[in-house]
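Reviewing the structure listed below.
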Amino acid sequence: MAYKEPSQQRSYQATWMWRRRLEWIVKNGPCQWCNTGLDLRVVYKNPADKTVRVAAIWSRKEEDREALLSKCVVLCGTCAKSKRVEERQPKHGEVGRYNQGCRCDPCRDAKRVDMAAYRARKRERV
Ligand SMILES: [Zn+2]
Ligand SMILES: [Zn+2]
């Protein structure tokens, strides 16, 4: 794997942090979605858990690191991208998702509730 020379001086610390990251990826990889072994990265399973940037995890002390990494998963570049797209979408059970064309039960319920509220508002105005 090619190692790009960082613009700053490559310090001893950067090297062991990079190795630590690589070791974790090897241990927890390959991609947990599609099993690819290329272009792997560490991402939070739930973006709400992201209290510390992934890049900053590796310099933490061991117990912090383990706590943070237990919320992370190894994904390839492609899956990490579709995960981000998915996260930006409205959740199932939200009207926005129904409006995007989803017709699953929670989304249809959300739409029904929204329509009922809309009709109620309209009725009040008349
Ligand atoms: Zn993948
Ligand atoms: Zn849905």
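With Cys34, Cys72, Cys76 as the choices, which residue is more than 23 Å from Ala14 (Cβ to Cβ) and surrounded by 15 or more Cβ atoms within 10 Å (Cβ to Cβ)?
Cys76
Quick grid of which residues meet (1) in contact (Cβ under 8 Å) with a residue 12 or more places away in the chain; (2) more than 16 Å from ligand 1 (Cβ to nearest atom); (3) not hydroxyl-bearing (Ser, Thr, Tyr):
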{"site": "Asn28", "(1), (2), (3)": "yes, no, yes"}
{"site": "Tyr44", "(1), (2), (3)": "yes, no, no"}
{"site": "Arg60", "(1), (2), (3)": "no, yes, yes"}
{"site": "Leu68", "(1), (2), (3)": "yes, yes, yes"}
{"site": "Gln89", "(1), (2), (3)": "no, yes, yes"}
{"site": "Asp109", "(1), (2), (3)": "yes, yes, yes"}
{"site": "Ala117", "(1), (2), (3)": "no, yes, yes"}
{"site": "Lys122", "(1), (2), (3)": "no, yes, yes"}
Here the residues within region 102-114 that are within 9 Å of ligand 2 (Cβ to nearest atom) and either exposed (fewer than 15 other Cβ atoms within 10 Å of the Cβ) or closer than 30 Å to Pro30 by Cα (or both) are Arg103, Cys104, Asp105, Pro106, Arg108
Requiring at least 1 residues that are under 12 Å from the mean Cα position of the chain (by Cα), the helices (runs of 4 or more DSSP H) wholly within region 23-126 are 54-57, 77-88
Those residues of region 76-101 which are among the small types (Gly, Ala, Ser) and either near ligand 2 (Cβ under 8 Å from one of its atoms) or in contact with a Ser or Thr (Cβ under 7 Å, 6 or more places away or on another chain) (or both) amount to Gly93
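Read the figures in this text as sums done on the coordinates, not as results from a lab. As the structure is a prediction and not an experimental result, all values here were calculated from the model. Every residue, glycine as well, gets a Cβ built from its backbone with ideal geometry; the counts of neighbours run over all protein chains shown.
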